[in-house]
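See below for the structure under consideration.
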Amino acid sequence: MTDTTFPAQASGTFLIGGDLPVTRLGYGTMQLPGPGVWGESKDPAGALRVLRRTAELGINFIDTADAYGPFTADLLLKEALHPYADDLVIATKAGFARTGPNAWVPVGRPEYLRQQVELSLRHLGLERIDLLQLHRVDPKVPIAEQVGELAALQSEGKIRHIGLSEVSVAQLEEAAKTARIVSVQNRFNLADRAAEDVLEYAEANNLAFIPWFPLATGALAGPDSPLTRIAADRGATPSQLALAWLLRRSPVILPIPGTSSVSHLDDNTAGAALKLTDEEYEALAHAAA
């Protein structure tokens, strides 16, 4: 099978936890629920088409969360793709309570995390979650208790691997005292590299680094910016360049651009095959520095 047939494969592969091979360019479901990541999709049929298209493009890594809806994205994912392909890796998250549109409340009490994992298993139609990420560290609960409950669920066979989201290096190191951590999901993109130290830690320890909001380009998309000029020269879009830059930045980076549009999904996936020259990569890196 060629990359032309399954274009996402041009991004290469990464072994999450050393035993889960995934296409480095994945897909995130956050844009499938309604406004404010709340309630039902405005276009459920369109959402199903997008999810089914991921498989046609060769994407076998999908990131979701119980908080997206809540559970709207998970139920759409199950409807679209269950029974799942043997090589599909679904990463989900727990640790947020939702009280309304754009409202996110960290809750890391062990009994809440257990409840949400059980609900995720049911809503996704899984017997075991490949990658369960703590969506946020709850500052009111010791990290050892939050990660410890995930480790208990892992020992029961309900979780395969454990990851963290929006954490510092110190929090990663603290969590690693309780369980093996295989991934970290922090905000990171061409225009926002505040998590550079976390990425470097991930590289040093062979952790998957899953940048959320990977397509943000901010002022870099201005008419006179290197991003815009290079995009014009290459016949590419700024979003494709942003993804190509991330894929080149580190072999542990697994971008998960989300969209509710098949055409945007196709456009994003085309970025997997875009290879930047040394000069282009450095120009983009320095433009955002």
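The values are calculated or read from the model by the stated rules, or taken from the named source; none is laboratory data. Computed from a predicted model, the values in this text were never measured in an experiment. As a convention, Cβ positions derive from the backbone with ideal geometry for all residues, glycine included, and neighbour counts pool all protein chains shown. Note: accessible area is taken over every heavy atom of the protein model, side chains too, but ligands, DNA and RNA are not part of it. Shrake-Rupley method; radii C 1.70, N 1.55, O 1.52, S 1.80 Å.
Quick look at the numbers
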{"item": "Other-chain or far-sequence residues with amide H under 5 Å of VAL89's (modelled H)", "result": "PHE61, ILE62"}
{"item": "J(HN,Hα) series, the range 142-159, from Karplus relation 6.51 cos²θ - 1.76 cosθ + 1.60, nearest Hz, glycine and proline x", "result": "x, 4, 4, 6, 5, 5, x, 5, 5, 5, 5, 5, 5, 5, 7, x, 9, 10"}
{"item": "Shape category assigned to the range 85-214 from the gyration tensor of Cα positions, a/c cut at 1.5", "result": "rounded"}
{"item": "Fluctuation leader among VAL184, VAL252, VAL167 - the chain, Gaussian network, Cα springs under 10 angstrom", "result": "VAL167"}
{"item": "Helix axis angle, 44-56 relative to the chain longest principal axis, alpha carbon, degrees", "result": "70"}
{"item": "Stokes-Einstein translational diffusion, the range 187-245 - Kirkwood Rh over all Cα pairs, 0.890 mPa s, 25 °C, in µm²/s", "result": "199"}
{"item": "List LYS93, LYS140, ordered by accessible area with a 1.4 Å probe, largest first", "result": "LYS140, LYS93"}
{"item": "ASP266 accessible area, assembled protein chains, probe 1.4 Å, Å²", "result": "50"}
{"item": "Helical mean residue ellipticity (222 nm; -39500 (n - 2.57) per DSSP H run of 4+; nearest 500) of the chain", "result": "-11000 deg cm²/dmol"}
{"item": "Loop-located trypsin sites (Lys or Arg not before Pro) in the range 218-288 whose Cβ has at most 13 other Cβ within 10 Å (DSSP)", "result": "LYS275"}
{"item": "Rounded D (µm²/s) - the range 162-289, Kirkwood Rh over Cα pairs, Stokes-Einstein at 10 °C, 1.306 mPa s", "result": "104"}
{"item": "Cα-based Rg and Dmax for the range 225-265, where Dmax is the largest Cα-Cα distance (Å)", "result": "11.5, 28"}
{"item": "Farthest positive-ward along the chain dipole, Cα basis, beta-carbon charges - from PRO70, LEU265, ALA10", "result": "PRO70"}
{"item": "Of all DSSP beta bridges in the chain, antiparallel share, percent nearest 5", "result": "25"}
{"item": "Hull-based mean projected area of the chain, where the convex hull spans the alpha carbons, in square nanometres", "result": "14.4"}
{"item": "J(HN,Hα) series, the range 173-184, from Karplus relation 6.51 cos²θ - 1.76 cosθ + 1.60, nearest Hz, glycine and proline x", "result": "5, 5, 5, 5, 6, 9, 8, 6, 9, 10, 8, 9"}
{"item": "Under 5 Å, built H, 5+ apart or other chain: amide partners of ALA97", "result": "VAL105, VAL107"}
{"item": "Selected from PRO33, PRO214, PRO223 as most flexible by GNM, with the chain as the system and alpha-carbon contacts under 10 Å", "result": "PRO223"}
{"item": "Carbon plus sulfur fraction of accessible area for the range 102-227, probe 1.4 Å, in percent", "result": "50"}
{"item": "Apportionment of accessible area to carbon and sulfur, the range 237-289, percent (1.4 Å)", "result": "56"}
{"item": "Compactness of the range 1-123 as Cα Rg over 2.2 N^0.38 Å, two decimals", "result": "1.11"}
{"item": "Amide H contacts under 5 Å for LEU164, placed H, 5+ residues apart", "result": "LEU134, SER183, VAL184, GLN185"}
{"item": "Coordinate range along principal axes, alpha carbons of the range 66-141, Å, largest first", "result": "39, 24, 16"}
{"item": "Total formal charge among the other residues, if their Cβ is under 11 angstrom from that of ILE253, Lys/Arg +1 and Asp/Glu -1", "result": "+2"}
{"item": "1.4 Å probe accessible area per residue over the chain, in Å²", "result": "42"}
